[in-house]
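Worksheet: the structure to be examined is printed underneath.
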Amino acid sequence: MRDPDSGEKPSVSGASAAGRNEGQTPSRSGKGKRRRGKPSRMASANASSSGNAGATGRPEVKDATGEPVRKRKRRRRAKSVQGVATAIHAADASTTKPAANPGAEQHSGRKRNKKHRQRRSLQGRPLAIADKRLGAEASTRAPQANPAPIVRAEERTAFSQIAREDRRGSGQAAPLGFDSASPLYAALDLGTNNCRLLIAQPTRPGQFRVVDAFSRIVRLGEGLGASGRLSQDAMDRSIEALKVCAAKLKTRDIRKTRLIATEATRAAENGEAFLERVLAETGLELEIITRETEARLAVSGCSSLVGRETKSVVLFDIGGGSSEIAVIKIGENRSSRLANHITHWTSLPVGVVTLSERHGGQHVTPESFEAMVVEVQGMLDKFDCPEIHTLDNPGDENGFHLIGTSGTVTTLAGVHLDLPRYDRRKVDGLWLSDDEVSAMQARLLSWDFTARAANPCIGPDRADLVLAGCAILEAIRRRWPSERMRVADRGLREGLLTDMMADDGVWRRGRARRPARGPAPYASHEGKTQ
């Protein structure tokens, strides 16, 4: 290699060697592995004779043969990277000019070396420069060995959503690269109004992470109150939604699955025949659960919203064809399963679909609204339940409260917050005072059908159902007056998942599953349980 002062363009290897021999302290003799491209001894001699060592103020160390001692491997690697960058810049220049002040360059090199002495070199920086120089060749490089995983739309969130949180209260939302070592559980709820699916994996004790979700309004119970049978159109809509659920379940390795059907299938004359058709067309085998089981599952799904200071709760689930109510009293020894504290429960044979069909859901007047409330009150009068005493100290508001888990209460919460679009992260777990609930019901009652349908938290699918749900809620509030009500955007699916995971013992001491690292957005779905 020629001397740099000769004016010839240096090669890449020469630039690397020059960068390697400038401004560095020598290391122990014999250490370090020789690089693939070996610098010639003549280059070392030229570099030594150029006076660079004297400019640095440091004596040059030589071995017994008179050759300069090689530098340490780590620093040699860092300098070689800088040398490659220097060579590429030199190649881009049309003419190479000798340095005006080589001593200043060496001084700046020493400062950079001292600054980054305790850091690892930025190995990727020269590659970026090389990409610019190569131009079109850089775009034809081979793809990465481990590309970023492609995440489907259902597995992203605005949990938004439990990212969901994303916490979902009893479940955490999440699926960007979920923990493949943790088992998966699936729960499907075919109700009178909705078809809903959740796939999740356990995380911390009592909680889980949502991996996939689905929710669609199918109105299976449409016309059931008048005919006593499921209509053909309603069954067709439900089967189409169940086919989507079946496709999601086939793509996952799921340890345990539970698929249930509730009031509409339970009350219809052709309910069993419908489930046989579901099995034949989708491969899903659904079970019809009892009203008591439905009430217990609703309680299990909302257990994380009952604080330790609470002494008694009335939890209600306003569904499409029935409404489940559970009275819960918690003593000194609280069980890990809140459903074990149920003292009384009932299932009213009325829901938002059946009540709106009887009284009309599109055009509701104050008089027709009061008629719906009175009808539900008559059903509640037959419920033999003793009076609930909050605490020995009546001034403590934490002793007793209501919990509502349904599309009715989540809609009230969304309207109360004036949300531009429904967001379960802001709704789930929200506290509403008694005055705020009354104000929201009066506000909805003052709107006509068009105004309700235009509200982003209601929409056209629920515009004819929400006031019927408010009438059921008003009857419950009159039976159990409370200063506060907590909103739960969760229901039977969460209860199913919680029970299955608890039965498998995934949350037992010493066997708790570690949650997956990284962001945890909630899977996109409607999240309402109406």
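The values are calculated or read from the model by the stated rules, or taken from the named source; none is laboratory data. From a predicted model like this one, the values you see are computed outputs, not experimental measurements. Methodologically, a virtual Cβ is constructed for each residue, glycine included, from the backbone with ideal geometry; neighbour enumeration extends over all protein chains shown. In case anyone asks, the SASA skips ligands and DNA or RNA and just uses the protein heavy atoms, side chains included. Shrake-Rupley method; radii C 1.70, N 1.55, O 1.52, S 1.80 Å.
For the stretch 212-236, taking the residues that are touching a strand residue (DSSP E or B) at 6+ places or on another chain (Cβ under 9 Å) and either of a type in the set (Val, Ile, Thr) or closer than 19 Å to ALA247 by Cβ (or both), the one that is most open to solvent (accessible area, probe 1.4 Å) is identified as ARG216. Looking across the stretch 416-439, the residues that are surrounded by fewer than 20 Cβ atoms within 10 Å (Cβ to Cβ) and over 30 Å from GLU332 (Cα atoms) come down to HIS416, LEU417, ASP418, LEU419, PRO420, ARG421, ASP423, LYS426, ASP435, GLU436, SER438, ALA439. As a summary of the residue check, VAL373 satisfies the conditions (1) at pLDDT below 95; (2) surrounded by 14 or more Cβ atoms within 10 Å (Cβ to Cβ); (3) under 22 Å from GLU483 (Cβ atoms) except for the one numbered (1). Would you please name the residue that is farthest from LEU188 (Cα to Cα), looking only at residues in the stretch 440-498 that are open to solvent by 30 Å² or more (accessible area, probe 1.4 Å) and of a type in the set (Gly, Ala, Ser)? Among those residues, the one meeting the criterion is SER446.
Within the stretch 237-274, the set of residues being more than 16 Å from LEU224 (Cα to Cα), in a helix (DSSP H, G or I) and open to solvent by less than 60 Å² (accessible area, probe 1.4 Å) comprises ILE239, ALA241, LEU242, VAL244, CYS245, ALA246, ALA247, LYS248, LEU249. Criterion applied to SER524, SER433 was being modelled with pLDDT of 90 or more, more than 23 Å from THR293 (Cβ to Cβ) and in contact with a strand residue (DSSP E or B) (Cβ under 9 Å, 6 or more places away or on another chain), and the one residue passing it is SER433. Please list, ordered by first then second residue, the pairs with beta carbon atoms under 6 Å, 6 or more apart or interchain, first in the stretch 481-508 and at negative phi, second basic (Lys, Arg) and not in a loop (DSSP other than H, G, I, E, B). Sorted first by the residue in the stretch 481-508, then by its partner, the pairs are ASP489/ARG424; ARG493/ARG196; LEU496/ARG258; MET500/LYS256. Return a yes/no flag: does the stretch 476-496 have any residue that is modelled with pLDDT of 90 or more, in contact with a His (Cβ under 8 Å, 6 or more places away or on another chain) and farther than 23 Å from LEU338 by Cβ. No, the conditions are met nowhere in the stretch 476-496.
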